[in-house]
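The values are calculated or read from the model by the stated rules, or taken from the named source; none is laboratory data. A quick note: this is a predicted structure, and the numbers were derived from the prediction, not measured. Glycine gets a Cβ as well: all are built from the backbone with ideal geometry, and neighbour counts include every protein chain shown. We work out accessible area using only protein heavy atoms, side chains counted, and drop any ligands, DNA or RNA first. Shrake-Rupley method; radii C 1.70, N 1.55, O 1.52, S 1.80 Å.
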Amino acid sequence: MEQYILLYGNKKPEDVICIKNMFENVQLLELGWTDKEYHNNMEIIDKYIKEGIGQVIFFGLEIGWDKLVKGIKKKNPSIKVKVICNTQDSLLYYDYERENFLKLLRLTKEGFVENIAFLRKGQYETYKNLGYPCSYLQENYVLEKSKKVKIEKTNKGIDLGIYPLNYTWDKNIFNQLCIAKFIENCHVNYYKLEERMEDFLKTMEINSSPEQLERIEDSHLIQTLCKNDVIVATSFTEYVHPVFFISMELGIPCLIGNHSDFFVNNEELQNYVVTTAEDNPIINAKMVENMVKNKTHIQKLYETWKINYNKQAKESIEKFVNCEK
């Protein structure tokens with residue numbers, strides 16, 4: 001592949017778990033709130049350009065990074081600039097997401113950005129049809145065998161892990177917590193992101209153990225997820241799925257919402273791990289119970305599927321990095 005550097009910020013550490021696992025050459029940048037951060041970031045980028053990289057890839061367009069894109073092109077017109085979109089249309093509800101995404105579209109129209117990579121196929125097809133130069137990048141996470149750990153059971157019943165990494169409406173937190181109410185002898189392990197979560201569980205009389213989210217990184221997630229029989233991550237919308245991937249890589253089945261492109265050609269696995277009713281805890285409780293019963297079979301299905309998916313994801317990265325437009 002052509003030499004590149006992928007630049008990411010600390011605004012969305014949940015996303016960065018997957019991105020750092022997918023790309024080898026990565027560099028943390030500051031968010032560009034002031035001129036000081038802009039100059040610090042440009043010094044870092046200039047260093048990589050002097051070392052001979054042919055393209056700069058941004059993970060998202062965070063605040064102030066539009067100035068960096070223009071600055072790179074002004075000083076080095078031959079350097080390709082590409083952006084991996086780290087939002088989707090459903091999240092344009094948030095002002096920050098919307099403003100930065102619209103800046104990205106304008107920069108692409110004006111020729112400052114050569115290519116936008118989208119992590120959801122539908123979003124890629126939408127903007128491709130609108131005339132934007134773009135690629136479809138298949139998200140992935142591969143857990144090294146040396147990092148795998150044994151499950152540490154703490155209860156005789158079902159340990160259900162619910163670990164949202166942000167306290168926002170799209171994480172569908174309270175519908176997930178409700179699932180345990182409809183499973184006999186179920187215990188919830190969860191990240192207490194807000195006092196309301198603990199109050200809700202006490203009111204609903206659901207056995208639970210809160211944990212503090214100390215840091216969002218894969219090593220911490222691995223140690224946390226391994227305590228459970230099943231993980232639930234049925235958010236309303238997503239474009240990266242670090243909890244799902246790490247859980248499944250550990251051999252722990254994970255229920256997700258209907259917001260991925262993973263199982264287009266694997267209906268059996270999809271029927272086990274994807275719900276079409278993110279806001280129905282009764283349906284999802286039945287799915288969790290079914291996952292517990294079929295845990296070994298689900299893991300075999302996943303491992304077979306993942307061999308081919310790893311290959312596809314790697315090819316999508318190479319295609320994106322090597323594309324001219």
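The table below lists the values:
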quantity: Test: residue 303 is assigned to a helix (DSSP H, G or I) and open to solvent by 70 Å² or more (accessible area, probe 1.4 Å); calculated: yes
quantity: Identity of the residue in segment 221-238, in a helix (DSSP H, G or I) and either surrounded by fewer than 18 Cβ atoms within 10 Å (Cβ to Cβ) or free of Cβ contacts under 8 Å to residues at least 40 places away in the same chain (or both), that ends up nearest to the chain's Cα centre (by Cα); calculated: 222
quantity: Of all residues making up segment 22-66, the number that are under 24 Å from residue 92 (Cα atoms) and either of a type in the set (Asp, Glu) or part of a helix (DSSP H, G or I) (or both); calculated: 4
quantity: Test: residue in segment 301-313 that is in contact with a Gly (Cβ under 8 Å, 6 or more places away or on another chain), hydrophobic (A, V, I, L, M, F, W, C) and closer than 22 Å to residue 18 by Cα; calculated: no
quantity: Residues located in segment 264-300, provided they are outside any helix (DSSP H, G or I) and either open to solvent by less than 70 Å² (accessible area, probe 1.4 Å) or among the hydrophobic types (A, V, I, L, M, F, W, C) (or both); calculated: 264, 266, 274, 275, 277, 278, 280, 294
quantity: Top-ranked residue in segment 115-139 [being touching a residue at least 24 places away in the same chain (Cβ under 8 Å) and part of a strand (DSSP E or B); ranked as most open to solvent (accessible area, probe 1.4 Å)]; calculated: 136
quantity: Cβ-Cβ under 7 Å pairs, at least 6 apart or on other chains, segment 301-324 side in contact (Cβ under 8 Å) with a residue 12 or more places away in the chain, far side open to solvent by less than 30 Å² (accessible area, probe 1.4 Å) and in a helix (DSSP H, G or I); calculated: 301/269; 302/248; 302/269; 305/269; 317/22
quantity: Matching residues, segment 75-94, being hydroxyl-bearing (Ser, Thr, Tyr) and either crowded, with 21+ Cβ neighbours inside 10 Å or within 19 Å of residue 47 (Cα to Cα) (or both); calculated: 78, 87
quantity: Residues of segment 139-169 classified as modelled with pLDDT of 95 or more and touching a Ser or Thr at 6+ places or on another chain (Cβ under 8 Å), total; calculated: 3
quantity: Of residues in segment 313-325 being part of a helix (DSSP H, G or I) and loosely packed, with under 14 Cβ neighbours inside 10 Å, the one farthest from the chain's Cα centre (by Cα); calculated: 322
quantity: Count of residues meeting criterion [touching a residue at least 12 places away in the same chain (Cβ under 8 Å) and either of a type in the set (Ser, Thr, Tyr) or assigned to a loop (DSSP other than H, G, I, E, B) (or both)] in segment 67-77; calculated: 1
quantity: Top-ranked residue in segment 204-220 [being touching a strand residue (DSSP E or B) at 6+ places or on another chain (Cβ under 9 Å) and not in a strand (DSSP E or B); ranked as surrounded by the fewest Cβ atoms within 10 Å (Cβ to Cβ)]; calculated: 212
quantity: Some residue of segment 81-103 being over 26 Å from the mean Cα position of the chain (by Cα) and either of a type in the set (D, E, K, R) or outside any helix (DSSP H, G or I) (or both); calculated: no
quantity: Condition met for residue 310 (farther than 18 Å from residue 234 by Cα, within 21 Å of the chain's Cα centre (by Cα) and either open to solvent by 80 Å² or more (accessible area, probe 1.4 Å) or not hydroxyl-bearing (Ser, Thr, Tyr) (or both)); calculated: yes
quantity: Filter result (in contact with a Phe, Trp or Tyr (Cβ under 6 Å, 6 or more places away or on another chain), within 24 Å of residue 258 (Cα to Cα) and among the aliphatic types (A, V, I, L, M)) within segment 178-213; calculated: 193
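Okay, residues lined up against (1) outside any strand (DSSP E or B); (2) open to solvent by less than 50 Å² (accessible area, probe 1.4 Å); (3) over 23 Å from residue 221 (Cβ atoms):
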{"site": "113", "(1), (2), (3)": "yes, yes, yes"}
{"site": "165", "(1), (2), (3)": "yes, yes, no"}
{"site": "177", "(1), (2), (3)": "yes, yes, no"}
{"site": "184", "(1), (2), (3)": "yes, no, yes"}
